Amino acid sequence: MLLDFRGVTAIYGRPGVGKTSLAMRMAHERVARGEKVLWVSLYEDRDVFMKNAASLGYNLSRVDFWDMIFVKTDVILNQIVSTVSQSDYSLVVVDSISSLVEGPQSREYLINAVYRVFRPANVDFVGIAEEESVTPLDYIADNLLRLELRIGRNVTERLMYVVKSRGRRAGYTVEFDILEGQGVVFLDDLPRPAPRAAWEAATEALPQPMGPVRGGRIYLFVGCDFTPLLARVAADLSREGRKVLYRVFGRGAFSVERLIEKYGGKAVVQRVEPRPQSHFTHMKNLYDSLTETDADVVVSDGVDMEFFIYGRKAFELNKTEFDELRRLGIATLVNACRDRGLRVMADVTAQLHDGEVLLTSPEGGTRCRYEVQPLPRLACNV
């Protein structure tokens, strides 16, 4: 995502949401293009600033940095105005403007500086502010970016709301995270696998009413004993030339790998341990796995564990994941002991109860038997 916001930009939000880190990325992009940047800091010195920037992967050594800690407001504003009017800066960042707008006189001076200096000189201005002190910059800003950090049931989300953007689309939200060595990374920045061409492959483990397994479809298996069946399906599809990523939640992966080999197939088997993480990290891990394996098929066995860890947030995580796998043309087979609301996202559902399976697909409903010997399969009377 190119953060090429022009004019006056206000970045605001509660402490710790990533305001300074976002402004660092903006400055980094400008410096990388050979432009001159002035950074005015009212709360940290140069050494701390450069160290923090470097930890995010940003080299801001060519930024002109002013340490204005404990300097009077009128002195700061006068010096900025005097310097900008005589220089060729393309971007000026003030971190933070909160202390610059405490009094009426200071607010008036800032407004005058914007209209009489920054705009006529075509110099972009970024002001970082706490949420409660963004006024009056929010009224005169061309761009309003509000950052929010949500924490709920062991899952964190960082969101950027593009509240206003003059001359550009506004009124939308983008998700991001702050990664060591990579800085501010938006979900759209992540490298994604290329979509697969349309494909389908038959497996004797699944009945005719389910049809062949197709790329881009979501297959939900509700019941605690479907692992042998899923392992056989994975083996069959791998023999058809499909690359399979088999993710096992909350238990050992070795036994599943042996089971797939027993049925004459091969798959990349990963043990997944849900742990407190961000929504962003969840998707990044999926993209990394898909890139590494080039998978056509993803099996997620035992996703109940995600609901134990994340609560209802797990539904949102799985929905985002399913939407992306569908877009990429990857067949997805999901197993959960309970429905957990996932049925609404599935193209085909097989629900196990007392050895009988109720199969629901676009073609209607069918009752089948779940047979484990001699080989796992669903047998339906069609």
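The values are calculated or read from the model by the stated rules, or taken from the named source; none is laboratory data. Remember, predicted model here, so these are calculated numbers, not experimental data. In this analysis, Cβ positions are derived from the backbone assuming ideal geometry, glycine residues included, and neighbour counts consider all displayed protein chains. Keep in mind that these areas ignore ligands, DNA and RNA; they rest on the heavy atoms of the full protein, side chains included. Shrake-Rupley method; radii C 1.70, N 1.55, O 1.52, S 1.80 Å.
A few remarks follow.
- V299 long-range amide H proximity, modeled H, under 5 Å: L245, Y246, R247, L333
- Note on S55 and R150: their simple-model spin labels are 2.7 nm apart, each label 7 Å out from Cα toward Cβ.
- Karplus-based coupling profile of the range 185-197, in residue order and whole Hz: 10, 8, 4, 6, 6, 5, x, 10, x, 6, x, 7, 5, with θ = phi - 60° in 6.51 cos²θ - 1.76 cosθ + 1.60 and x standing for Gly or Pro.
- Label-to-label distance, nm, for residues given as R312 and L375 (7 Å Cα→Cβ offset): 4.4
- With respect to the chain, whose longest principal axis is taken over its alpha-carbon atoms, helix 19-32 is tilted by about 80°.
- In the range 279-371, the GluC sites (Glu not before Pro) that fall in loop regions by DSSP, at most 15 other Cβ within 10 Å: E363
- Against the chain, whose longest principal axis comes from its Cα atoms, helix 46-55 is set at around 20 degrees.
- Using the Cβ-Cβ distance between D189 and T135 with R0 set to 41 Å, the FRET efficiency from 1/(1 + (r/R0)^6) comes to roughly 0.85.
- Sites matching trypsin sites (Lys or Arg not before Pro) across the range 94-180 that sit in DSSP coil, with at most 16 neighbouring C-beta atoms within 10 Å: R153, R166, R168, R169
- Sequence-separation-based contact order of the range 194-303, relative, with Cα cut under 8 Å and 6+ spacing, percent: 29
- The local environment of Y58, defined by Cβ-Cβ distances under 10 Å, has a net charge of 0 under the rule Lys, Arg +1 and Asp, Glu -1.
- Taking the helices alone, the chain has a mean residue ellipticity at 222 nm of -8500 deg cm²/dmol, built from -39,500 (n - 2.57) per DSSP H run of at least 4 residues and averaged over all its residues.
- Computed extension length for E292-R116: 58.0 nm, one decimal, from 0.36 nm per residue of separation with the Cα-Cα distance subtracted.
- Antiparallel beta bridges, as assigned by DSSP with both residues in the chain, represent about 40 percent of the total such bridges.
- Lys pairs, the chain - Cα-Cα below 24 angstrom, 8 or more residues apart or on other chains: 12
- For the range 323-332, backbone phi angles converted through the Karplus equation (6.51, -1.76, 1.60; θ = phi - 60°) give residue-by-residue couplings of 4, 6, 5, 5, 4, 7, x, 9, 6, 10 Hz, Gly and Pro being listed as x.
- Which labelled figure in (i) 15; (ii) 36; (iii) 43 is percent of Cα pairs over 39 Å apart, once derived from the coordinates: (ii)
- Between the range 117-152 and the range 309-382, the C-alpha centres lie 47 angstrom from each other.
- Heavy-atom accessible surface of the range 340-382, averaged per residue, reaches 58 Å², computed with a 1.4 Å probe.
- Extending 7 Å from the Cα toward the beta-carbon at both E180 and R214 defines two label points whose distance is 4.6 nm.
- The simple Förster model, with R0 at 51 Å and r as the Cβ-Cβ distance, assigns Q86 and A197 a FRET efficiency of 0.30.
- Computed over the chain with a Gaussian network model linking Cα atoms closer than 10 Å, the most mobile of G241, G13, G57 is G241.
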